[in-house]
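A quick write-up on the structure given underneath.
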Amino acid sequence: MTSPAYNNHFSLANIPFGVASSPKHATQCVTRLENTVVFLGVLQQQNIFKNVPGLPIDVFKQATLNNFAALDKSIQRGVRAILQVVLTKELPLGSTENISAVSLHLPVAVGGFTDFSCSLHHVRNAGRAILNDETPPRGFFNFPIGYNGRASTIVVSGTPIVRPKGHTIDRSATTEQKPILFGPSKAMDYELEIGVIVGKPVPPEKGVNAKDADEHIFGLVILNDWSARDIQGCEMVPLGPLNSKAFGTSISPWVVTLDALQSFKSSGPTHDTQLASHLEDVAVAESSYDIALEVELVTNGQPTTLSRSNFRDLHWSGRQMVAHLASSGADLRTGDILGTGTVSGSEKGGYGCLLEMNSGGKELVPFANGLKRVFLEDGDIVQMTAVAGKDGSGVGFGECVGQLLPAL
């Protein structure tokens, strides 16, 4: 069952989409108003959406949002507009339940997952922590760099994450050629990200310009890209992360649409480098969104706020991520998730992962009750939240939560 927290994130201005079930309701598409979950399959059965042209029959009775997410924006907006009206009235009997009575599921069937590195602050912070060199990788200012992750290990908020096993370099060895060991990771970390969910697909060899890519973005979720830093350090050269990031990625259950975020458009960073034409974005003044993100770490029941950062500080937008991935001729499928990479600020208090806070594993990070850690311990709970504009705007993402369990 689901916590009733963050009810203030889900006002009529939001109308997020998710998937839920309960003892009274089969798994189906839902929305949320404060602490009330509204079963859209039931509403459609009552002909609530009969005046939305092009809306397929029983689209909301599906166990994922994929069929709805793939529709044209005009259809999705028609549904959203009707919901903003009917949710102010008495709804049909049996169409609602309290959030505490339902189970929330993965909102989309994820066919592909690509994780980018869109934060210049994170790149510089991590480079300084690991290499004592904050110079960004070659190409960072020309295109959003990234790697393809493992879609099958994406899980919904609340799903425990088991500490992975993998190969690591025994840095304590005195030999010049340090041996490689296999065993549980000893350097578990989180990464605070936003996930961009592809809606209307992009066919192979078609590509899309960044300026037009909003038509292919269904919405955004909070994303925690759990990372095993010691395994990552062993496998990063020369090909990049594999098992160090392929054991679990958590996303929040509610998809916040771009329509809900229109009032929170914000200026993004300027690009001094001449970009390829498909990466040229919309006007800088409205190229991003003001989305405040926060990470709390709960240890022994005590929460510690570790960081606060903002989506608007990312160097690359979700549109540019979509455009870059499709520029090779690759297709983008409904339900694909594109992670922004760690959303970090430039100073302490805004670092989006422990790697930045502990200077690459060299310093202790203070937690609640005087505890100090380098990386995560078994039993730790990582809780991420995000809200558009200021808290009280009524448009938020709820939470993305995961607890780290011991290795098998």
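The values are calculated or read from the model by the stated rules, or taken from the named source; none is laboratory data. Keep in mind that what you see is a predicted model, and the values were worked out from it rather than measured. Cβ atoms come from the backbone with ideal geometry, glycine included; neighbour counts cover every protein chain shown. Areas reflect the complete protein model, heavy atoms only, side chains present, ligands, DNA and RNA absent. Shrake-Rupley method; radii C 1.70, N 1.55, O 1.52, S 1.80 Å.
Checking every one of the GluC sites (Glu not before Pro) in the stretch 1-102 against DSSP loop status and a limit of 10 other Cβ atoms within 10 Å picks out E90.
Counting only heavy atoms of the protein chains and using a 1.4 Å probe, R32 has close to 10 Å² of accessible surface. Under the simplified labelling scheme, the S74-E286 pair shows an inter-label distance of 2.0 nm, with each label point 7 Å from Cα along Cα→Cβ.
Assuming charge only on the beta carbon of Lys and Arg (+1) and of Asp and Glu (-1), the dipole of the chain about its Cα centre is about 480 debye to the nearest 20. Between A330 and V237, the FRET efficiency estimated from the beta carbon spacing at R0 = 25 angstrom works out to 0.50. On the principal axes of its alpha carbon atoms, the stretch 35-175 extends 72, 36, 26 Å, with the longest extent given first.
Across the options S288, P184, A26, the greatest Cα extent toward the positive end of the charge dipole of the chain (unit charges at beta carbon of Lys, Arg, Asp, Glu) belongs to A26.
Comparing T385, A368, L55 along the charge dipole axis of the chain, the residue lying farthest to the positive side is L55, per the Cβ-charge model. As a fraction of the 1.4 Å probe accessible area of the stretch 1-77, surface on carbon and sulfur atoms comes out at 49 percent.
When you filter the trypsin sites (Lys or Arg not before Pro) in the stretch 84-143 for DSSP loop state and at most 16 other Cβ atoms inside 10 Å of their Cβ, you are left with K89, R138. Karplus-derived 3J(HN,Hα) values for the stretch 348-365, using 6.51 cos²θ - 1.76 cosθ + 1.60 with θ = phi - 60°, are 4, x, x, 7, x, 7, 5, 3, 6, 6, 9, 6, x, x, 9, 10, 7, 9 Hz; glycine and proline are entered as x.
Here the calculated FRET efficiency for D58 and A407, from their Cβ-Cβ distance with R0 = 35 Å, stands at 0.25, rounded to the nearest 0.05. Projected onto their three principal axes, the Cα atoms of the stretch 35-78 cover extents of 27, 21, 19 Å, largest first.
Rg/Rh, computed from the Cα trace of the stretch 315-408 with Rh as the Kirkwood radius, has the value 1.04.
In the stretch 335-408, which trypsin sites (Lys or Arg not before Pro) fall in coil by DSSP and have 16 or fewer other Cβ atoms within 10 Å? Passing sites in the stretch 335-408 are K348, K362, K390.
Entry note, the stretch 275-394: relative contact order of 33 percent, from Cα contacts under 8 Å with a spacing of 6+ residues. Counting only alpha carbon atoms, the long axis of helix 229-239 and the longest principal axis of the chain meet at about 90°. Note: relative contact order over the chain, using C-alpha pairs below 8 Å and six or more positions apart, is 22 percent.
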